[in-house]
Every structure is written in structure tokens, then in C-alpha cells.
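Asks: Pasting a structure here, questions to come.
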Amino acid sequence: MGYVLSRDSFTRVLKKIGQSRRIYAPVNKVGEGRFTDVDVVRYDFVTEAPEIELDKKSDYAFKEILTPLSQTLFFFTEDEVKEADMDEREVIIFLRSCDLHAVKRLDAIYLENKFVDPFYKRIRDKVRFALIGCGRSYEDCFCVSMGTNRADGGYLFSVDMIGGKYYFDVKDDELAAIFASEAESEQAVEARYVTENEVKVTIPGNVPVSVYKDPLWEEYTVRCINCGRCNFVCPTCTCFTMQDIFYTDNGRVGERRRVGASCMVDGYTNVAGGGQYRRTNGERMRFKVLHKIHDFRKRFGFDMCVGCGRCDMVCPEYISYANIINKVNDAVEGGAVNG
Amino acid sequence: MGNMSSNPYVPFPSKIREIIRHTEKEYTFRMSFTGDVKPGQFFEVSVPRYGEAPISVSGIGEDFVDLTIRKVGRVTNEVFEKGEGRTLLLRGPYGNGFDTSLYEDGEVIVIAGGTGVSPVRGVIDALAGTSAPKDKHVIVGFRSPSDMLFRDDLKRWDEALDLILTVDGAPEGYEGRIGLVTKYIPEVEIKDVANAKAVVVGPPPMMRFSVKDLLAKGFREENIWISQERKMCCGLGKCGHCRIGETYVCLDGPVFNYSESKNMLD
Ligand code: SF4
Ligand code: SF4
Ligand code: FES
């Protein structure tokens, strides 16, 4: 069902659906960017339509609600381990098509891969999605190359803001009644999506061992400063490290957390006693990039990267991950030609 | 409060039944445990406040598992503060482990270095109990005589099968063999090398050179198994630290056939 609403009526809809749910959406944070006076778009809980940033692309992904940067797993007391409680309310996440596709990647790691992660599952079961249509392609996006430019279902409703009006395609019957009660008009609505990006990548098929050893990676040993920002903004990066925190000096009461980890940052592979793998940033870049466009696919059947371009937007060294993909593809094809 | 037992991240308490001191820095903790477990699998041992460390199973009994722990970090330092009768928090076992039945027939060579003996201790015991133990060859190497682990087992194995025990270096007057494990690979007499099997566990360079020598000797790639050591924070295929390419060492390993592991590039 398609509905057209004004900004105020959209807010009233949000208030109604927000009575029993939390709404998590991209928000433009004024002056909170990397440099003073620069805005950043990141996710937060909202209650009113104007808070939701529907025009810009978010700098950070939605994933923090599903895989928090720092999450308490359980509490230790003297002789007991207790699981942490959670907010039981349903959550509606506003996200774009690429990010909706990213959820499938998070699910593969956390709900499959032999073990179900109970901390992820309990929040995942409460999460529903609202699709933000894309009226244009943003800087660095290459969703079309990755086949993630269009969402086929999996959301309650879509939203597009055109000329100050909000257009919704509502798939859920219960919500349709709420939208209908506030709508200016009912008409056929289809979420917008892009069919072309400026950035294009060609994903290589099978990457042979020779490309793992190719000198192309060495450039990044020099250029990359292994800050890990590319991992933290990525909607499909999921790694974490365990961390114990204690509240008192005698160490009797505390908690175990997991905190986000980056495969680019020192210490990621360190084992007790001094062993370390992938010392150079070039090797780490190879590890990250091939996971996104090759290794994950070999395990799960589809590529990990969804082409959101956030890693390229955030890199302080202006390293273009999209270029790396194309270089890898050239190396694979060149290798095939040369035998 | 969730259902505790169904959450794989929540450790269970296990009592330290006995502590066997091998060296100043290496003790075996015999822990209460009942359930299926194989040599080469591992447990995550936790000490609240200090964190968790993956430790491979070095022995298996009806109602216990042995964890041989080297005191090298925050968590293991703390473990060494605990005495018999105290408890440690465990979760596991994780990983595939060794399928000992694969090695019981025919000729086998096991090469283990240092703490690498822990994961294969159960394999060597199984070999010692077979009907043709003289076809079972074991090369065990330690850094020095004072670094030797499992001294009682070494005596037993020496009687039961063909054991070559060596140390990298020793003080003057030491009577035993000296030299890296690879020095002794040529000494092992294999009758049918095309069908003989090998298990190699130890520090990465030791595994690399041993496998190279075995291949040169005529062993087939698919008859060689190794065990990989990696950082393992979860053991559950989630944290990502152990991944190599499409492989999760904690789920698909740590034991790999060499025909697979040779293509695993860090
Ligand atoms: S954001 Fe750029 S510099 Fe930082 S780790 Fe990623 S590629 Fe390297
Ligand atoms: S690798 Fe970069 S482009 Fe791909 S999903 Fe992650 S942040 Fe987006
Ligand atoms: S140890 Fe965490 S994924 Fe393997």
C-alpha cells in the first residue's frame, strides 16, 4: 500500500508505532564529525520525523544496535555468572538497501557458522526494518556492482522524501492502518533505487594463491596507517575481542564484555608467548579485502562487501578500497592470461 | 535472566583435581569434566578479571581432562596462582581434534615440539596401545633437558614404541640426544613411505621444516596432519581472530590435513 504524508503526520505515525517499539535511524550530528564544524551522520534512537536524516548517506552503519562496539555478556560475582538483561522492545531500523543486504552477512556469521550467537539472536529477533529509498547514488557507492542496490522485501515499509513530502510503500498490514489514518493521499509508491554508480568494481572469480603473494599489496604497507576506521564503519565487519572489567579493586565483582576489533590494528593475531601473523599493513589489507570479495563467498556463497563505500569515505589516507578490488581483478585476469 | 546452560559464552566451574608440575613454567591441571572430548581439541580457560586463554587438551579420562598450561600471559599467570581443590572457569571443548583411529593401522611418525606435545599426547598413547607399536615412530623435541614435559609418559612411550627424544641444546655432560627434531627424521626407518602417515605439531618454523623433510622423504601430502595455533577469543566462529581465508581454525581446525593447510595463507 502506498501513502503520501506530510512531515508532521509522519511524526504522528512515528509516535504511534513508537509506543511499543524503539526507532533507530541515521541522524545528522552537527559538528560531531572528524574535524570541528564537520557534521557526521550516525545512528541513534529517534521519535520525530525531522530527526531522521533521509538525504545524506550515513557515515556509520546501523550495526551498533546488533553488534555493539562494547557489549556486556555477563556479570561475575563471587561465585556466580549472570547474563546481562536487555531491552525487550521491538526495534525498527531505518536503513538503505546496501545495509539491508548487510544484515544477511551479519546473520551468516552470528546465526550460522556452526554456532548461534545468543546475544546477537536475542536482539536480532526483535529487529524489523524500514527501507530508505535512494533517489541518487552517493559518493563512493558501488552497490550496483555488488548487486545490493535493490531490496527485494525484508522490510515493513519504505520511505522516500521528495519535495518535502514523505512517500511510503507499506508492506505490513498493522502499520498500513496507522499510515492510512494519517495519509494525505493513497497512491502506488515504489521505493526508489539507483541503477548506476559512478564507482564500478569487477569482483574477481576464484583468486589464486599467486594473487595473495602479488606485490600489489606492498603499496599499502606504506600508505595504510592501520587505524582500523575502515572496519569500524563497515556494516559487515563483525570481529570482537573479549575484555574483563572489574568494578572494585579486590576483583570480586565485574563483567565480561566483547568489544569491536579490527584486523588492520596491531595485536589482532597476537597469541600468548609472542606469536604474530600478518605483520605488515599490506598483508592486513590483503586479508581484509579478500575476505570481503572472495573468502567469505567461498564459505557462505555470496560476497561480504555490499558496496556502501563507507570505508573509502572514512580513510584518512585516501586509500580507495574500490580501486583495490579492481586491481585484484586485474591481477587475477592478468594471471589467467599469462598462465 | 536467560537460560545459562544454553549460552556457549558462559563458562562452567571445574575443579582442579590435581596439578602435575613439569617445569617451572609448565603445569598440567587435571580438571573435572565429563563429556565427549578428543585430543587436539581445546578449552577456553577463564580467570575473571584477567580474561580467557585457549588451552589444548593434553589428556582425557572418564571424568577429567588434562590442560597443560604454560605460564606466558595475564590469564595463565593467574591460573598458576590456583591450587588443587580450587576451581577454574571453562568452556569447550572446541575444534575438531585428532581422530586417533586414522593412525592406528600401518606406519606412523609423530613429530612434536615443546608444548606441541600436549595435543598429540592422546594420539601417542593410542599408538602405544596398538598391536604393532614398533611401526609407530615418535620424535619429541624440547628446548633443553629442563624444559621436558610429560617425563613419565616419555618413559612409558620409550618402552612401548620407537621414541626419539631430543633437546635443542643441553649443558655439558648431558647423555641424551641433542639437535632439532628435523635432525632425526632421516634416522626413522619407514618401509612403505607412500602409505605412511605423519602428525606434526609444534612452533610454526618447526612444523614447516619437518613437513618439508617428510615430503622429501617421500611422504604424501594427504598423509600428513598438522595442528595450527592461532589467536582464539571465542572458539565459536564469531570473533574472527582465528580466520585464515575461508577457514576458521576454531571450527574447521585446529587439526588440518596438510593438503588443505598448505593453501591456507595468513
Ligand atoms: S581506514 Fe585507511 S588507513 Fe585506516 S586502516 Fe583502513 S585502509 Fe588503513
Ligand atoms: S568493505 Fe567498505 S564498501 Fe564494502 S561493505 Fe564494508 S565499508 Fe562498505
Ligand atoms: S576463535 Fe573466534 S572465530 Fe575462531
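Asks: Inside the range A:208-219, can you point out the residues that are open to solvent by 30 Å² or more (accessible area, probe 1.4 Å) and either within 16 Å of ligand 2 (Cβ to nearest atom) or in a helix (DSSP H, G or I) (or both)?
Replies: In the first step, residues of the range A:208-219 are kept if they are open to solvent by 30 Å² or more (accessible area, probe 1.4 Å); the result is A:208-210, A:212-215, A:218-219.
Passing the criteria: A:Val209, A:Ser210, A:Tyr212, A:Pro215, A:Glu218, A:Glu219.
Asks: Okay, next question. Quick one: which of A:Tyr277, A:Tyr268 is within 16 Å of ligand 3 (Cβ to nearest atom), closer than 17 Å to B:Lys238 by Cα and either more than 11 Å from every other protein chain (Cβ to nearest Cβ) or free of Cβ contacts under 8 Å to residues at least 60 places away in the same chain (or both)?
Replies: Details: A:Tyr277 fails: closer than 17 Å to B:Lys238 by Cα.
A:Tyr268 is the lone residue from the list that is within 16 Å of ligand 3 (Cβ to nearest atom), closer than 17 Å to B:Lys238 by Cα and either more than 11 Å from every other protein chain (Cβ to nearest Cβ) or free of Cβ contacts under 8 Å to residues at least 60 places away in the same chain (or both).
Asks: Another question, then. Filter the range A:185-207 down to the residues that are open to solvent by less than 50 Å² (accessible area, probe 1.4 Å) and touching a helix residue (DSSP H, G or I) at 6+ places or on another chain (Cβ under 6 Å) and list them by number.
Replies: A:Asn197, A:Val199, A:Val201, A:Ile203, A:Pro204, A:Val207
Asks: Still on this model: Only one of these conditions is not met by A:Gly282: (1) more than 11 Å from chain B (Cβ to nearest Cβ); (2) open to solvent by 20 Å² or more (accessible area, probe 1.4 Å). Which number is it?
Replies: (2)
Asks: A follow-up question, please. Within the bounds of the range B:222-237, is there any residue that is farther than 25 Å from A:Val211 by Cβ, open to solvent by less than 30 Å² (accessible area, probe 1.4 Å) and either in a helix (DSSP H, G or I) or within 16 Å of ligand 1 (Cβ to nearest atom) (or both)?
Replies: Checked the range B:222-237: at least one residue is farther than 25 Å from A:Val211 by Cβ, open to solvent by less than 30 Å² (accessible area, probe 1.4 Å) and either in a helix (DSSP H, G or I) or within 16 Å of ligand 1 (Cβ to nearest atom) (or both).
Asks: Since B:Met207 meets every condition but one in (1) within 14 Å of chain A (Cβ to nearest Cβ); (2) within 16 Å of ligand 3 (Cβ to nearest atom), which condition does it not meet?
Replies: Single failed check for B:Met207: (2).
Asks: Could you tell me how many of the residues in the range A:240-259 are open to solvent by 30 Å² or more (accessible area, probe 1.4 Å) and either at pLDDT 95 or above or of a type in the set (Asp, Glu) (or both)?
Replies: Total satisfying the criteria: 1.
Asks: Also: Over 16 Å from B:Ser118 (Cβ atoms), among the aliphatic types (A, V, I, L, M) and within 19 Å of the chain's Cα centre (by Cα): is that true of B:Leu149 in this structure?
Replies: Working: over 16 Å from B:Ser118 (Cβ atoms): no; among the aliphatic types (A, V, I, L, M): yes; within 19 Å of the chain's Cα centre (by Cα): yes.
Considered against the rule, which asks whether it is over 16 Å from B:Ser118 (Cβ atoms), among the aliphatic types (A, V, I, L, M) and within 19 Å of the chain's Cα centre (by Cα), B:Leu149 comes out as no.
Asks: Quick check on the range B:244-252. Is at least one of its residues open to solvent by less than 30 Å² (accessible area, probe 1.4 Å), within 30 Å of B:Ser46 (Cβ to Cβ) and touching a strand residue (DSSP E or B) at 6+ places or on another chain (Cβ under 6 Å)? Break it down stepwise before answering.
Replies: Quick first cut of the range B:244-252, residues open to solvent by less than 30 Å² (accessible area, probe 1.4 Å) only: B:244-245, B:247-251.
Subsequent filtering for residues that are within 30 Å of B:Ser46 (Cβ to Cβ) retains B:244-245, B:247-251.
From what is left, the residues that are touching a strand residue (DSSP E or B) at 6+ places or on another chain (Cβ under 6 Å) are B:250.
Checked against the condition, which is being open to solvent by less than 30 Å² (accessible area, probe 1.4 Å), within 30 Å of B:Ser46 (Cβ to Cβ) and touching a strand residue (DSSP E or B) at 6+ places or on another chain (Cβ under 6 Å), the range B:244-252 yields at least one hit.
Asks: Please go through the range B:220-266 and give me each residue that is in contact with a helix residue (DSSP H, G or I) (Cβ under 6 Å, 6 or more places away or on another chain), without any contact (Cβ under 8 Å) to a residue 24 or more places away in the chain and aliphatic (A, V, I, L, M), ordered by number.
Replies: Scanning the range B:220-266 gives a single hit, B:Leu265.
Conditions (1) in contact with a Ser or Thr (Cβ under 6 Å, 6 or more places away or on another chain); (2) within 11 Å of ligand 1 (Cβ to nearest atom), marked per residue:
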{"residue": "A:Gly260", "(1), (2)": "no, no"}
{"residue": "A:Met264", "(1), (2)": "no, yes"}
{"residue": "A:Asn281", "(1), (2)": "yes, yes"}
{"residue": "A:Arg284", "(1), (2)": "no, yes"}
{"residue": "A:Cys311", "(1), (2)": "no, yes"}
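Asks: Hey, among the residues in the range A:220-261 that are part of a loop (DSSP other than H, G, I, E, B) and among the aliphatic types (A, V, I, L, M), which one's nearest to ligand 2 (Cβ to nearest atom)?
Replies: To start, the set of residues in the range A:220-261 that are part of a loop (DSSP other than H, G, I, E, B) comprises A:224-228, A:234-239, A:247-253, A:261.
Narrowing further to those that are among the aliphatic types (A, V, I, L, M): A:225, A:253, A:261.
On the way: A:Ile225: 17, A:Val253: 38, A:Ala261: 15 Å.
Of everything passing the filter in the range A:220-261, A:Ala261 is nearest to ligand 2 (Cβ to nearest atom).
Asks: So, of the residues in the range A:82-94 that are in contact (Cβ under 8 Å) with a residue 60 or more places away in the chain and not acidic (Asp, Glu), which turns out to be most open to solvent (accessible area, probe 1.4 Å)? Let's see the steps before the verdict.
Replies: The first filter runs over the range A:82-94 and keeps only residues in contact (Cβ under 8 Å) with a residue 60 or more places away in the chain, leaving A:84, A:87, A:89-94.
Next, only the ones that are not acidic (Asp, Glu) stay: A:84, A:89, A:91-94.
Details: A:Ala84: 11, A:Arg89: 108, A:Val91: 0, A:Ile92: 1, A:Ile93: 0, A:Phe94: 1 Å².
Taking the candidates together, the pick is A:Arg89.
Asks: Return a yes/no flag: does the range A:308-316 have any residue that is away from ligand 3 (no atom under 16 Å from the Cβ), open to solvent by 10 Å² or more (accessible area, probe 1.4 Å) and facing chain B (nearest Cβ under 9 Å).
Replies: no
Asks: Continuing with the same structure: State yes or no: is A:Ser9 part of a loop (DSSP other than H, G, I, E, B) and either crowded, with 17+ Cβ neighbours inside 10 Å or of a type in the set (A, V, I, L, M, F, W, C) (or both)?
Replies: Working: part of a loop (DSSP other than H, G, I, E, B): no; either crowded, with 17+ Cβ neighbours inside 10 Å or of a type in the set (A, V, I, L, M, F, W, C) (or both): yes.
No; evaluated as a whole, the condition is false for this residue.
Asks: Would you be able to tell me the number of residues in the range B:159-174 that are of a type in the set (Gly, Ala, Ser), assigned to a loop (DSSP other than H, G, I, E, B) and touching a residue at least 12 places away in the same chain (Cβ under 8 Å)? Give the derivation first.
Replies: Step one: of the range B:159-174, the residues of a type in the set (Gly, Ala, Ser) are B:160, B:169-170, B:173.
In the following step, the residues that additionally are assigned to a loop (DSSP other than H, G, I, E, B) were identified as B:169-170, B:173.
Adding the requirement that they be touching a residue at least 12 places away in the same chain (Cβ under 8 Å) leaves B:169-170.
Residues meeting the conditions: 2.
Asks: On the basis of being acidic (Asp, Glu), within 14 Å of chain B (Cβ to nearest Cβ), in contact with a helix residue (DSSP H, G or I) (Cβ under 9 Å, 6 or more places away or on another chain) and buried (at least 18 other Cβ atoms within 10 Å of the Cβ), does A:Glu112 make the cut?
Replies: For A:Glu112, the condition - acidic (Asp, Glu), within 14 Å of chain B (Cβ to nearest Cβ), in contact with a helix residue (DSSP H, G or I) (Cβ under 9 Å, 6 or more places away or on another chain) and buried (at least 18 other Cβ atoms within 10 Å of the Cβ) - is not met.
Asks: Let me ask something else. Which one is surrounded by the fewest Cβ atoms within 10 Å (Cβ to Cβ), of the residues in the range A:15-42 that are closer than 26 Å to A:Gly163 by Cβ and out of contact with any strand residue (DSSP E or B) (no Cβ under 6 Å at 6 or more places or on another chain)?
Replies: Residue satisfying both the conditions and the ranking: A:Val30.
Asks: Okay, moving on. Taking the range B:231-248 on its own, how many of its residues are more than 7 Å from every other protein chain (Cβ to nearest Cβ) and more than 6 Å from ligand 3 (Cβ to nearest atom)?
Replies: 3
Asks: Also, quick follow-up: Inspect all residues belonging to the range A:226-239 and state whether any of them is closer than 16 Å to A:Asn149 by Cα and away from ligand 3 (no atom under 16 Å from the Cβ).
Replies: yes
Asks: Oh, and also: Among residues belonging to the range B:32-76 that are of a type in the set (D, E, K, R) and away from chain A (no Cβ under 14 Å), point out the one that is surrounded by the most Cβ atoms within 10 Å (Cβ to Cβ). I'd like the intermediate steps shown before the answer.
Replies: We begin by selecting, within the range B:32-76, every residue of a type in the set (D, E, K, R); these are B:36, B:38, B:44, B:49, B:52, B:62-63, B:66, B:70-71, B:74.
Remaining after also requiring away from chain A (no Cβ under 14 Å): B:36, B:38, B:62-63, B:66.
Values: B:Asp36: 8, B:Lys38: 18, B:Glu62: 6, B:Asp63: 10, B:Asp66: 24.
By that ranking, first place goes to B:Asp66.
The values are calculated or read from the model by the stated rules, or taken from the named source; none is laboratory data. Bear in mind the structure is a predicted one, so any value in this text is a computation, not a measurement. All Cβ positions, glycine included, derive from the backbone under ideal geometry; neighbour counts span all protein chains shown. Surface areas here come from the heavy atoms of the whole protein model, side chains and all, with no ligands, DNA or RNA. Shrake-Rupley method; radii C 1.70, N 1.55, O 1.52, S 1.80 Å.
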